[in-house]
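In what follows, a structure is listed as structure tokens, so that the remarks can point back to it.
The values are calculated or read from the model by the stated rules, or taken from the named source; none is laboratory data. Just so it is clear, the structure is predicted and the values come from calculations on it, not from any experiment. All Cβ positions, glycine included, derive from the backbone under ideal geometry; neighbour counts span all protein chains shown.
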Amino acid sequence: MGHKINQKIHRKSLVRAIIKHGLPYNFVEYEKSREWIKYINPNVDMKCRNTNFLNVEKEYMEEMDKVKQNMSRFPYRICLTFDVWTIITFEGYICLTAHFVDNNWKFTRFLTFVE
């Protein structure tokens with residue numbers, strides 16, 4: 001029998017894997033995926049695709065709130081620019097850059113990449 005796992009950490013890791021690798025939400029319902037996970041640890045609680053969809057939305061909202069909190073600390077204007085491109089393997093990327101002058105009059109740039 002496998003060790004006791006933290007289901008909250010498991011769900012967050014699963015959501016991040018779905019997002020990072022562009023997995024379909026029903027990945028968790030694939031027969032062989034479930035068989036593999038149960039072999040690794042029978043205590044893993046694999047939720048359905050609908051629950052994973054909601055978990056991905058929740059993760060998105062949590063990350064969006066973090067961005068909003070970070071940006072609300074800047075008392076001045078922020079210039080946002082973005083670039084979108086596709087690499088040879090047809091993977092798409094977005095780069096979002098925020099430019100601003102901080103309280104010490106230092107020009108600052110904040111970059112984030114989304115795959």
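With the checklist (1) in a helix (DSSP H, G or I); (2) out of contact with any Phe, Trp or Tyr (no Cβ under 7 Å at 6 or more places or on another chain) in hand, flag the one item residue 80 doesn't pass. In the conditions (1) in a helix (DSSP H, G or I); (2) out of contact with any Phe, Trp or Tyr (no Cβ under 7 Å at 6 or more places or on another chain), residue 80 misses (1) alone.
Within segment 1-23, restricting attention to residues that are part of a helix (DSSP H, G or I) and of a type in the set (D, E, K, R), the residue that is surrounded by the most Cβ atoms within 10 Å (Cβ to Cβ) is 11. Just one of the listed residues (103, 43) is assigned to a loop (DSSP other than H, G, I, E, B), at pLDDT 80 or above, over 21 Å from the mean Cα position of the chain (by Cα) and of a type in the set (S, T, N, Q), and it is 43.
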